[in-house]
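Let me begin by presenting the structure, written as structure tokens, before commenting on it.
Computed from the coordinates by the stated procedures, all read-outs in this text should not be read as laboratory data. All figures in this text were calculated on a predicted structure; none of them were measured in a lab. Ideal geometry is used to build each Cβ from the backbone, glycine not excepted, and the neighbour counts take in all protein chains shown.
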Number of protein chains: 2
Amino acid sequence: MSSTIYKTEIQTVAGIGADQVERYLPSLPIETILPAERPQQRAEIAVILATTSRVAHDEKPESTISLLGLSIGNRVILACKEAGIRRFVVVLGDQKERVRAHFDQIAAKYNCNLTFVDAGQGRYGSGASVLATVEEIGDAPFLLLPANHLVEPQLIRAVLSTTGVRQGEVVVAVDHNCNGIFDGDHASKVKLNDGRLRQTNKRLGVFDAADASVLLGTKALFEALEDAEASGRYRLSDGLNLLFERGAARTVDVTGLLWFDVNTPEALREARHRLIADMSGKGEDGFVSRRFNRPISRRISTWLAATHLTPNQITVVSFGLSLIGAALLAVGGGALTIAGGLVVQAASIIDGCDGEIARLKYLASRRGAWLDTMLDRYADTAVVLGITFAHAQAHPGPWVWLSGMVALAGFILAGYSTKEYAIRHDKSYPNDVLNRLKRRDLRLFGIAVGAVCGQPYFAMLALGFLNHVCVFGIMVRGWSLSVSEKTG
Amino acid sequence: MSSTIYKTEIQTVAGIGADQVERYLPSLPIETILPAERPQQRAEIAVILATTSRVAHDEKPESTISLLGLSIGNRVILACKEAGIRRFVVVLGDQKERVRAHFDQIAAKYNCNLTFVDAGQGRYGSGASVLATVEEIGDAPFLLLPANHLVEPQLIRAVLSTTGVRQGEVVVAVDHNCNGIFDGDHASKVKLNDGRLRQTNKRLGVFDAADASVLLGTKALFEALEDAEASGRYRLSDGLNLLFERGAARTVDVTGLLWFDVNTPEALREARHRLIADMSGKGEDGFVSRRFNRPISRRISTWLAATHLTPNQITVVSFGLSLIGAALLAVGGGALTIAGGLVVQAASIIDGCDGEIARLKYLASRRGAWLDTMLDRYADTAVVLGITFAHAQAHPGPWVWLSGMVALAGFILAGYSTKEYAIRHDKSYPNDVLNRLKRRDLRLFGIAVGAVCGQPYFAMLALGFLNHVCVFGIMVRGWSLSVSEKTG
């Protein structure tokens, strides 16, 4: 027993006093009692089962099939990395040379700590494949998942961060929305009993949830698999059933998170659709973005996914397009104004692609988001300068310029106000109507429409005015919210 | 023993295994063992000793003496409130009617839960004064402090949040910088032994620290004071010495935080100086603010403290001054330009007073900070509009306006960049040279100097350029910092 510090929650029980306990414990230090309750440490190893391939019409192993610019296996590795996994053990089976070469490439490209284990050493079945890793893994807890399933990082994080798991227990991710599962017949089913697993079998008639094929294992799983094997049962589910009987199989609910068995050409097509639907992120879009920009940017991103363009390169392309649009609007006059408006709107659409590609290819980064936001502000400034300049050439006078400056202040302060709100109130400004009305998608769309109609300047003034109204509303909301709050 | 859940840290001890312990504990649930270790709950009551007055030349009780707009007693109450105290028990002694009337006023004004206890019921000494509250307080932990000491909220918070305190212990705030204490002869001294109190006596010859007169008490203090009283010792320090002997007196180091015994006219003058020195806050000022604005704004705040002006009213006055300055600069021409520059600089100085008054009078609020920052941005916009307008009248041409717009973008983005940085990187942008060069104090000072020299426009352009350089530097810093960070 080592000397470590950890935290635990203790519930005191009414009716038994400390003095009663002390009679039983005359001299032993209190601190030595809890190790049996010690929570399981966080897993940092993933065992990836790349043993079988079932996609009927293709000779390629499933894990090597490319889906929107990354192979399935690559997606599994990157989702694990994003969720905090540091080491990978890939179990090889069918077509082991091709699979090995593919994962070697991935490991080199993303600098992964990755080792291979051969499942085919006289043992058979998914249980034997897991057992093949026992020497590589030892006593450490590990994540276990197949190489031919799409899994989003959030699901892996949910499994890894399950609380209250004790040493010797395994945790199985289950999805309660059985009807929502594509090719549900094929998925393993489980019966549940107060969050503990009762049975796991693909042919189970009556069931509560589907097994999402991701689990958090421990040495106990190896022991159970060995016991199952001793009685001639070679599947992973046989080991899990033994663990259930021992009261050591728990579940974590991952309903609503993406997991997808890519085992048929139909499943592959469906997986592609789901990835495309998911790539825009959740809920923060403005009105124009959701209805107009996103449907287009998703198509562009689907196409861009096949290229090697990085999200930051796309950010710079969008910024460059804004500058070109601003220049066209500055020169102005009929066709050029229309072209300028269209280019600005194109920049606004492509501004959505950087984030989409980042999510699609597990490339989201703080620096990317930072670059994107800062360049957007400069792009907006350039557009306002261009439009105001063109209008002042045709209609000289200080009011043209002064109004343009006020619009510029509105555009930048629209972004400033919600950032300031988040900092002053320690929480994000909600995505209310004010927030969505002041977003960049609507601003640039309005300017583009104005430009196409030959009036970019007045469209800009109207949007600048709208932005000031939104900023004022946000100021009032920030003021009302903090009536009784005092700072430290 | 009640059924409550709490958290504790357990250190496992090498060499004694869980199985060994289990032999001693065949059937008792583990959860019942820790209550003796239960940490003390957080105190929400303050006992304020308002029993004596010593300021020689004045008939008024010390707690009622006004200091920069608030009485000493009022300052004690507000500092406690800011630190989280919800209920007050004021112990009356000398001049009890005046003191009672004064605290009644405070309670009504600030909506405090405040009760009075009379110390003079046949018992004498500071120990007896504390003992008089035993029925009001009961078993709850409480903060104990005198009504005639200045104490900053941070010090009270430090005492209240001392960790690892167990039930039955008291915690005494001590200051290790004995030489820094004004009228050090008068302060109580303590000797320390590994963070535990050894002795507390004003006349102690050899000592380690000074007793800051703020302590966290429990029922154990009452018991100790009763025991001391039984043997004819009536001072608070007698009770504390008994607690020391019982191993139940701990200390918390509050060196560097403000506490001040306002017991003489000299001490009162010194306390005033310290409050004035402290009111500007710590460390976030720009170059101009620290050397030029603050010395002036502190004088103005000292004068404003005597009025009923609130920080938010001062914010609005400063904003109004900026608009007047902007209008003067817009009309322009010799004297008006100089006047505009001076008014803008005056607004910049007064922009510091809102925060100073807020700190001085315990009125700092999120909404105040929110209003201040948002109005500053609009004030800056007005100044840029005014200056650019005036210059364009004398020198018409698009470049005058375009440059003005670029400067405006620089001014607003200077603030935007560090807010965005804080949100993207989950930490404040450091107060480095870039941050201080881009601050509002330097921007408005530069414009004012330019206006006095007759060239506000070019001064503004130079500062706008400087701000863009700073924003670029901040962008680079944000980019470099997050090379390997990925978002979730």
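Nm distances between the label at residue B:105 and the same-position labels in the remaining copies, 7 Å along Cα→Cβ, shortest first?
8.3
If you put a point 7 Å past Cα along the Cβ direction, how far is that point for residue B:396 from the same point in each other copy, in nm, smallest first?
0.4
Let me confirm one metric for peptide B:359-367, namely the mean number of other chain beta-carbon atoms within 10 Å of its residues' beta-carbons.
4
Ranked highest first by the average count of other Cβ atoms within 10 Å around their residues, in what order do B:160-166, B:458-464, A:73-79 fall?
Order by mean packing, descending: A:73-79, B:458-464, B:160-166.
Which whole-angstrom value gives the distance between the alpha carbon centres of region B:251-269 and region A:243-299?
Measuring centre to centre over Cα atoms gives 61 Å.
Can you tell me the dipole magnitude for region B:319-438 around its Cα centre, using point charges on the Cβ only (Lys, Arg +1; Asp, Glu -1), in Debye to the nearest 20?
The calculation lands at about 260 debye.
I need the Debye-formula profile for region A:384-432: one equal scatterer per C-alpha, no solvent, reported as log10 I(q)/I(0) at q = 0.30 1/Å, two decimals.
-1.03
Can you give the mean number of other chain Cβ atoms that lie within 10 Å of the Cβ atoms in peptide A:417-430?
Mean shielding by partner chains, rounded to a whole number: 4.
Which one of B:378, B:481, B:452 has its Cα pushed farthest toward the positive end of the charge dipole of region B:378-488, where Lys and Arg give +1 and Asp and Glu give -1 at the Cβ?
After comparing all options, I get B:481.
Any of B:96/B:189; A:60/A:96; A:191/A:219 with alpha carbons more than 20 Å apart? Name them for me.
B:96/B:189; A:191/A:219
Can you order the peptides A:208-220, A:248-260 by their average number of other Cβ atoms within 10 Å per residue, highest first?
Packing order, densest peptide first, comes out as A:208-220, A:248-260.
Under 12 Å from a label point 7 Å along Cα→Cβ of residue B:393: give me every residue in region B:310-348 with its amide N that close.
From region B:310-348, the list is B:327-337.
How long, wide and thick is region A:392-460, going by the Cα atoms along their three principal axes, in whole angstroms, largest first?
That works out to 47, 25, 12 Å along the principal axes.
Highest mean first, how do A:83-93, B:107-117 rank when packing is the count of other Cβ atoms within 10 Å averaged over residues?
Highest to lowest by the protection proxy: A:83-93, B:107-117.
Rank B:304, B:331, B:360 by how far each Cα sits towards the positive end of the charge dipole of region B:297-367 (+1 on Lys, Arg Cβ; -1 on Asp, Glu Cβ) and give me just the farthest.
Of the options given, the answer is B:360.
Once the label point is set 7 Å along the Cα-to-beta-carbon vector, what list of distances in nm do you get between residue A:140 and its counterparts in the other copies?
Label-point separations across copies, in nm and ascending: 5.2.
Over 20 Å between Cα atoms: which of B:81/B:109; A:361/A:427; B:81/B:361; A:109/A:361 fall into that group?
Check vs 20 Å cut-off fails for A:361/A:427.
Taking each residue in B:387-393, count the Cβ atoms of any other chain within 10 Å of its Cβ, then average. What number comes out?
2
Stokes-Einstein at 20 °C, 1.002 mPa s, Kirkwood radius from Cα pairs: D for region A:349-469 in µm² s⁻¹?
137
When the Cα centres of region A:86-115 and region B:381-423 are compared, how far apart do they sit, in Å?
55
Taking just the alpha carbons, could you work out the radius of gyration and Dmax for region B:223-286, both in angstroms?
Cα-based Rg and Dmax for region B:223-286 come out at 18.6, 60 Å.
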